[in-house]
Structures are given as structure tokens and as C-alpha cells.
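Asker: Here's a structure for you.
The values are calculated or read from the model by the stated rules, or taken from the named source; none is laboratory data. None of the values given here were measured: they were computed from a predicted structure. Heads up, the Cβs are rebuilt from the backbone with ideal geometry, glycines too, and the neighbour counts pull from every protein chain shown. Protein only, heavy atoms only, side chains kept; ligands, DNA and RNA dropped before computing areas. Shrake-Rupley method; radii C 1.70, N 1.55, O 1.52, S 1.80 Å.
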Amino acid sequence: MITLSWLLLLALIGGVLALVDGIWRLRARGGSTIVGVIEIIVSALFLLSLFVPGIPWGSLVLGVATIIALVVALFAGGRTGRGVTVAALVVLAIWVVLANHWLIIPGIN
């Protein structure tokens with residue numbers, strides 16, 4: 001059974017935004033199709049790691065890898081908008097900070 005928490009909700013929002021951004025990069029036919037494929041694979045593994053315990057790396061490592069893929073996608077350019085990329089970056093960065101207990105907010109972590 002999965003317990004719905006604010007931390008899980010933040011991870012889901014960030015992962016879905018990263019996945020959508022990767023799909024938009026593939027459909028834009030710009031020069032960043034390889035970045036889009038990598039972004040889709042990493043964000044899908046991140047979302048899968050939140051629910052399946054048998055993923056080889058933990059969700060924290062895949063979250064950081066998704067952030068790195070988003071930063072590369074942000075600077076790779078292309079025809080896609082940067083709003084979804086920045087939103088996914090912000091949400092995933094907040095999730096990493098809260099998941100590591102670097103900042104404690106009562107009721108969230």
C-alpha cells in the first residue's frame with residue numbers, strides 16, 4: 001500500500017513535468033532529441049522508483065540524475081519552451097532538499 005504524502009506528491013509532480021518536457025523535446029524536431037530520450041528514460045526510472053522497490057538505484061540518485069538531465073536540456077536549447085523545464089527543476093530540487101532533511105518543514109517531511 002502506498003501512503004500519499006506531500007513529499008511523494010512533490011516527487012510525482014517533478015517527475016511528470018520532466019517526462020512531459022522530454023516528450024515535448026522529442027516532438028519539437030530540434031537538435032536536442034538525444035537529450036529528450038535521456039530525459040524520458042531517467043524521469044521514467046525516477047517515477048518507477050517511487051513505487052517499485054526493486055529499482056537498482058534509489059529514488060534519490062535517480063532524482064539527482066533527472067535534475068542533471070534537466071539542466072543539460074535547459075542549456076541544450078531547442079524549440080521547446082523553458083517553463084516546464086524550470087518548473088521541473090525547481091520542484092525536484094525542493095524534493096531533494098526535503099528528502100535529505102536538509103530543511104525540515106513540519107507536516108511535509
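A quick yes/no check of all residues on (1) farther than 24 Å from residue 81 by Cα; (2) open to solvent by less than 60 Å² (accessible area, probe 1.4 Å); (3) touching a Pro at 6+ places or on another chain (Cβ under 9 Å):
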{"position": "5", "(1), (2), (3)": "yes, yes, no"}
{"position": "23", "(1), (2), (3)": "no, no, no"}
{"position": "26", "(1), (2), (3)": "no, no, no"}
{"position": "51", "(1), (2), (3)": "yes, no, no"}
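Asker: Find the residue count for region 41-65, including only residues that are more than 19 Å from residue 91 (Cα to Cα) and small (Gly, Ala, Ser).
Answerer: The qualifying residues number 1.
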